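The block underneath contains the structure these notes are about, expressed in structure tokens.
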Amino acid sequence: MLLKPFYSASNSKITISAEQGSSFAKTISNDFNPIHDPQSKRFCVPGDLLFALVLERYGISERMGFNFAGMVSADTELFFPESPGDHFKIIDGREKSYLEVTRSGQNSKNLAAIESLTKNYVYFSGQNFPHLLVPLMAENNVMINPQRPLVIYESMSLQFDSLDLKQPTVELIGNSLKVEGKRGDVRFELRIMDQGKKVGSGVKTLILSGLREYQQEAIDTMVADYMASKDRYLELA
């Protein structure tokens, strides 16, 4: 299974170590955000790993929605319901919710399709910074705080015209940034393709906090630090 190296499971309980979460971010998502480094004091499990685990456990439904309620620290015990309905939550032992899932329509547990969709979606998602967010921030003359960059994964949704899927892939067809004071709402619009045909669509939303006026020198430093982190990892891999 694609995700087996990235979590530990016992019945309905899952834990993800800092090393496992970081490895997923770097090897599957191509995401080198410092918040996913094992030694980071602010480490959090990639939200895309939770999304991927839901697909692995419960399959692909014709319509799916994911709302992220909080950041998951390393080694948090997460409970995945054994027999979920069309609306369920991923919670910890204190019943704190981290991910709320809604789904409807037919369901498919085609492993090849699930792994293809997972790989393609999380790889797209991992490119948010710097490839997609930096041009959006420049266009709107705003930037996140370089000392404490805060980009919050808010939600994503998928809908399929058909679940007769082989190797679904994800394409970006549009993006936007709406700025209100120090907050920015980012929206990515997606098209899902399979063997040259459109089979569905999706939307991903992010929240940018602590916005300030765009400064090219500061952005250049952030991008250089990000790329240096990627280069260091690849040298050791």
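The values are calculated or read from the model by the stated rules, or taken from the named source; none is laboratory data. It should be emphasised that the depicted structure is a prediction, and the values quoted were computed from it without experimental measurement. We place every Cβ from the backbone using ideal geometry, glycine too, and count neighbours over all the protein chains shown.
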**OP:** Look at region 197-223 and say how many of its residues are part of a strand (DSSP E or B), of a type in the set (S, T, N, Q) and in contact (Cβ under 8 Å) with a residue 60 or more places away in the chain.
**Re:** 1
**OP:** For LYS178, work out the one condition from (1) farther than 27 Å from VAL45 by Cβ; (2) buried (at least 16 other Cβ atoms within 10 Å of the Cβ); (3) basic (Lys, Arg) it doesn't fulfil.
**Re:** (2)
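Conditions tested, residue by residue: (1) surrounded by 12 or more Cβ atoms within 10 Å (Cβ to Cβ); (2) at positive phi; (3) in a strand (DSSP E or B); (4) at pLDDT below 95.
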site: ASP185; (1), (2), (3), (4): yes, no, yes, no
site: LEU190; (1), (2), (3), (4): yes, no, yes, no
site: ASP225; (1), (2), (3), (4): yes, no, no, yes
site: ALA228; (1), (2), (3), (4): no, no, no, yes
Original post:
Do you know which residues across region 108-125 are of a type in the set (A, V, I, L, M) and either over 10 Å from the mean Cα position of the chain (by Cα) or within 18 Å of SER162 (Cα to Cα) (or both)?
Top reply: LEU111, ALA112, ALA113, ILE114, LEU117
Original post:
Which of (1) within 20 Å of GLY47 (Cβ to Cβ); (2) over 14 Å from the mean Cα position of the chain (by Cα); (3) not basic (Lys, Arg) is the odd one out, the single condition ASP231 does not satisfy?
Top reply: (1)
Original post:
Out of all the residues in region 101-127, which are more than 24 Å from ASN175 (Cβ to Cβ) and either acidic (Asp, Glu) or part of a helix (DSSP H, G or I) (or both)?
Top reply: LEU111, ALA112, ALA113, ILE114, GLU115
**OP:** Looking only at region 99-110, count how many residues are in contact with a Leu (Cβ under 7 Å, 6 or more places away or on another chain) and crowded, with 18+ Cβ neighbours inside 10 Å.
**Re:** 1
Original post:
Just one of ILE207, ILE219 is in contact with a Lys or Arg (Cβ under 7 Å, 6 or more places away or on another chain) and under 25 Å from PRO146 (Cβ atoms); which is it?
Top reply: ILE207
Subject >> Top-ranked residue in region 72-94 [being crowded, with 16+ Cβ neighbours inside 10 Å and not aromatic (Phe, Trp, Tyr); ranked as farthest from ILE35 (Cα to Cα)] >> reply: LYS89
Subject >> Selection count where residues are in a helix (DSSP H, G or I), surrounded by fewer than 17 Cβ atoms within 10 Å (Cβ to Cβ) and either touching a residue at least 40 places away in the same chain (Cβ under 8 Å) or aromatic (Phe, Trp, Tyr) (or both), scope region 133-162 >> reply: 2
Original post:
Using beta carbons and a limit of 6 Å, which pairs, at least six apart or on different chains, have the first residue in region 185-196 and closer than 14 Å to LEU208 by Cα and without any contact (Cβ under 8 Å) to a residue 60 or more places away in the chain and the second one part of a strand (DSSP E or B) and among the hydroxyl-bearing types (Ser, Thr, Tyr)?
Top reply: ARG187/SER176; ARG187/THR205
**OP:** Quick one: which residue in PHE24, PHE66, PHE51 is in contact with a Pro (Cβ under 7 Å, 6 or more places away or on another chain) and either surrounded by fewer than 19 Cβ atoms within 10 Å (Cβ to Cβ) or not in a loop (DSSP other than H, G, I, E, B) (or both)?
**Re:** PHE24
Original post:
Could you list, in sequence order, the residues of region 34-48 that are in a loop (DSSP other than H, G, I, E, B) and within 25 Å of PRO168 (Cβ to Cβ)?
Top reply: VAL45, PRO46
